[in-house]
Amino acid sequence: ARARGTIRVFEKTAAKWGLADRFQFDPGSAFESKAFRQGLAQLGVHRNAVKARSPEWQGKVEAYHRCLERWFVQELPAQQVLDLEHLEQLLEAMVAVLYNRHFHRELATTPEKRLANRPSPRQASRHDLRRAFLVEFSAKSHPKTGEVQLPNGRFRVPAPFAGRRARFLHHPVHTALAVLRTGDGRELALEAFAKKPLSQVTP
């Protein structure tokens with residue numbers, strides 16, 4: 001769940017601001033997941049090497065965590081949260097109004113002034129962002145229905161490939177995104193599996 005949330009936020013941020021040359025974060029499980037590490041590599045984003053339990057190496061990260069704890073986590077119990085979208089809006093408002101306008105000693109200015117509303121020259125399309133985080137998975141589909149169970153849901157394999165073990169690509173966040181890799185290198189987008197009405201079943 002943490003890895004999925006990390007990927008979702010990264011995609012959203014990169015779609016708005018573009019790709020950074022380097023990325024620094026805590027060595028937590030979400031950031032160390034195979035899907036996230038693989039995605040950064042696919043997008044050409046370098047991961048700064050950091051030591052665990054060494055906050056002095058991560059001034060910017062620690063400053064954000066302090067702000068997050070004081071002005072978001074501690075205040076959250078007093079805030080009515082309607083749903084996940086509302087929670088994200090509250091977090092984005094905190095970052096925009098409090099963190100980005102707070103003087104940062106290491107930057108010698110505020111994050112808002114340093115960023116100056118300038119997007120990165122390294123832009124990536126939503127298609128490329130989603131493509132980068134696809135994870136490979138091996139599975140065998142049902143010989144009659146073509147149904148295959150992937151980590152992000154059930155999908156239907158085209159009839160010529162039904163009943164075979166094959167390689168698939170699935171997305172940890174976008175549950176409707178799954179691809180079949182054929183033996184000759186083609187990639188076929190899959191549709192979600194649904195039982196066909198009896199009128200459509202071939203006798």
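Values as computed for the structure displayed
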| item | result |
| --- | --- |
| Accessible surface of the chain, 1.4 Å probe, proportion on carbon and sulfur as whole % | 54 |
| Among 141-153, 62-74, the order from most to least packed when residues are scored by Cβ within 10 Å on average | 141-153, 62-74 |
| Dipole-positive endmost among Ser29, Gly44, Pro160 within the chain (Cβ charges, Cα centre) | Pro160 |
| Förster-model FRET efficiency, 35 Å R0, Leu115 and Thr175, C-beta, rounded to 0.05 | 0.60 |
| Residue-normalised accessible area of the chain, given per residue in Å² at a 1.4 Å probe | 67 |
| Helix-only [θ]222 nm of the chain, DSSP H runs n ≥ 4, -39500 (n - 2.57) each, per residue, nearest 500 | -9000 deg cm²/dmol |
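The values are calculated or read from the model by the stated rules, or taken from the named source; none is laboratory data. All values reported here derive from a predicted model rather than from experimental measurement. Glycine also receives a Cβ, built like all others from the backbone with ideal geometry; neighbour counts cover every protein chain displayed. The area values use the complete protein model at the heavy-atom level, side chains included, leaving out ligands, DNA and RNA. Shrake-Rupley method; radii C 1.70, N 1.55, O 1.52, S 1.80 Å.
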